[in-house]
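A.B. asks: One structure, as structure tokens, below. Some questions next.
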């Protein structure tokens, strides 16, 4: 599976971070599947990652996408138990090379500002979830995201040049612009 922008294969680099991915919670917009698939592509391309999500099915999907016969160094993938924000913070403190890792903080709408405060200055971070339902949305909006991807448009912010989003596709704004999807 590839990541496509305007039907052309793209690869993300460190210059594309920090990143924000918006999708309404529990409406099958494609944001969740995309976030997991993006992490899969990143670790397959040699990036070290930390994977944290509010719900176990995303971790299961990630493991399925990686597959059992992969050649990825297990030390490159840190998957933190879903749901427990305090555990996530403690585990992050234990990771010696966390500044070199791309960290996915998925389901932002499920957590309080403590996790945001822990990650707000981390360059290689992906905040993914429903901005309108996020408890720290005002603080999140102050971050200078290099890449923003909207699988649904949040009500809280005005996005210029909105486009009609095909199912399971997003609007990417940043170093890459247009329609983003998996293909």
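The values are calculated or read from the model by the stated rules, or taken from the named source; none is laboratory data. From a predicted model like this one, the values you see are computed outputs, not experimental measurements. FYI the Cβ positions are ideal-geometry reconstructions off the backbone, even for glycines, and counts take in every protein chain you see.
A.B. asks: What number goes with the only condition from (1) part of a helix (DSSP H, G or I); (2) in contact with a strand residue (DSSP E or B) (Cβ under 9 Å, 6 or more places away or on another chain) that residue 75 does not pass?
C.D. replies: Residue 75 satisfies all of (1) part of a helix (DSSP H, G or I); (2) in contact with a strand residue (DSSP E or B) (Cβ under 9 Å, 6 or more places away or on another chain) except (2).
A.B. asks: Let me ask something else. Here are the criteria: (1) under 23 Å from residue 151 (Cβ atoms); (2) surrounded by 15 or more Cβ atoms within 10 Å (Cβ to Cβ); (3) in contact with a helix residue (DSSP H, G or I) (Cβ under 7 Å, 6 or more places away or on another chain); (4) at pLDDT below 95. Tell me which single one residue 22 does not satisfy.
C.D. replies: Of everything listed in (1) under 23 Å from residue 151 (Cβ atoms); (2) surrounded by 15 or more Cβ atoms within 10 Å (Cβ to Cβ); (3) in contact with a helix residue (DSSP H, G or I) (Cβ under 7 Å, 6 or more places away or on another chain); (4) at pLDDT below 95, residue 22 misses just condition (4).
A.B. asks: Going through 67, 30 one at a time, which residue ends up being at positive phi and modelled with pLDDT under 90?
C.D. replies: The unique qualifying residue is 67.
A.B. asks: Being in contact (Cβ under 8 Å) with a residue 24 or more places away in the chain and crowded, with 21+ Cβ neighbours inside 10 Å narrows it down to one residue among 140, 131; which is it?
C.D. replies: 131
A.B. asks: Could you look through the range 80-96, keep only residues that are surrounded by fewer than 17 Cβ atoms within 10 Å (Cβ to Cβ) and not in a helix (DSSP H, G or I), and pick out the one that is modelled with the lowest pLDDT?
C.D. replies: 83
A.B. asks: OK, next. From the residues in the range 97-114 that are touching a helix residue (DSSP H, G or I) at 6+ places or on another chain (Cβ under 8 Å) and part of a helix (DSSP H, G or I), which one is nearest to residue 38 (Cα to Cα)?
C.D. replies: My answer is 108.
A.B. asks: Output the residues belonging to the range 148-183 that are crowded, with 19+ Cβ neighbours inside 10 Å, touching a helix residue (DSSP H, G or I) at 6+ places or on another chain (Cβ under 9 Å) and free of Cβ contacts under 8 Å to residues at least 40 places away in the same chain.
C.D. replies: Residues satisfying the conditions do not exist here.
A.B. asks: Exactly one of (1) modelled with pLDDT of 95 or more; (2) in contact with a helix residue (DSSP H, G or I) (Cβ under 7 Å, 6 or more places away or on another chain); (3) assigned to a loop (DSSP other than H, G, I, E, B) is unmet by residue 123. Its number?
C.D. replies: With (1) modelled with pLDDT of 95 or more; (2) in contact with a helix residue (DSSP H, G or I) (Cβ under 7 Å, 6 or more places away or on another chain); (3) assigned to a loop (DSSP other than H, G, I, E, B) applied to residue 123, the lone miss is (2).
A.B. asks: Kindly check whether there is at least one residue in the range 39-59 that is part of a loop (DSSP other than H, G, I, E, B), in contact with a helix residue (DSSP H, G or I) (Cβ under 7 Å, 6 or more places away or on another chain), more than 27 Å from residue 153 (Cβ to Cβ) and touching a residue at least 40 places away in the same chain (Cβ under 8 Å).
C.D. replies: Within the range 39-59, one or more residues are part of a loop (DSSP other than H, G, I, E, B), in contact with a helix residue (DSSP H, G or I) (Cβ under 7 Å, 6 or more places away or on another chain), more than 27 Å from residue 153 (Cβ to Cβ) and touching a residue at least 40 places away in the same chain (Cβ under 8 Å).
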